[in-house]
Each structure stands twice: as structure tokens, then as C-alpha cells.
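A short write-up of the structure that comes next.
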Amino acid sequence: MNKYLDLLGKKATDKVTELSGVIESVSFDLYGCIQALLKPIALKEDGTMRDGYWLDVSRLTISDEAAVMQH
């Protein structure tokens, strides 16, 4: 479980859609599915934040960079 919690604050890219962002939250469900909330870094053209997306962690390529914010 700790290896998934260590994903918090890391940059990641979805292998399917190539969406990139920061992992804001991690979810564990009853059936063993582990998902991460990937929040895009880039703002919309009007300056507002983009929506985050829940994705299976197996779909993500995790950056080797340090987390953008320590938890």
C-alpha cells in the first residue's frame, strides 16, 4: 500500500491518452482496483484549472523526478 501512497505528488503520463499531470489522490476499491487522480498541470485558456481524471495506476508511466509536493 505504501508504494501507491508514495505516488502522491509525482508527475505521471497516461499510456493510453498521453494525458500528463500530477497524482493528487490514490483510491483503493473493494475489488482490488487501485486508481490515481491525475490532475493536468496546464491551465485552460481562460486561466481556470482543468479537471482531473481517475485512471488505473497500471496505465500510468511515473516520472523519476521528485514529487512536486511532499506529503
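Couple of notes before you dig in:
- Members of the range 1-34 found to be β-branched (Val, Ile, Thr) and either over 20 Å from Ala66 (Cα atoms) or over 11 Å from the mean Cα position of the chain (by Cα) (or both), listed by number: Val16, Thr17, Ile34
Residue-wise test of (1) exposed (fewer than 10 other Cβ atoms within 10 Å of the Cβ); (2) modelled with pLDDT of 95 or more; (3) not in a loop (DSSP other than H, G, I, E, B).
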| residue | (1), (2), (3) |
| --- | --- |
| Tyr4 | no, no, yes |
| Ala12 | no, yes, yes |
| Val22 | no, yes, yes |
| Leu30 | yes, no, no |
| Leu37 | no, yes, yes |
| Ile41 | no, no, no |
| Lys44 | no, no, no |
| Gly47 | yes, no, no |
| Arg50 | no, no, no |
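- Residue in the range 52-67 that is modelled with the lowest pLDDT, counting only those that are part of a loop (DSSP other than H, G, I, E, B) and open to solvent by 50 Å² or more (accessible area, probe 1.4 Å): Ala66
The values are calculated or read from the model by the stated rules, or taken from the named source; none is laboratory data. What you are looking at is a predicted structure, and each value in this text was computed from that prediction instead of being measured. Virtual Cβ from ideal backbone geometry, glycine too; neighbours counted across all protein chains shown. For the accessible areas, the whole protein counts, side chains as well, though only heavy atoms, and no ligand, DNA or RNA atoms are used. Shrake-Rupley method; radii C 1.70, N 1.55, O 1.52, S 1.80 Å.
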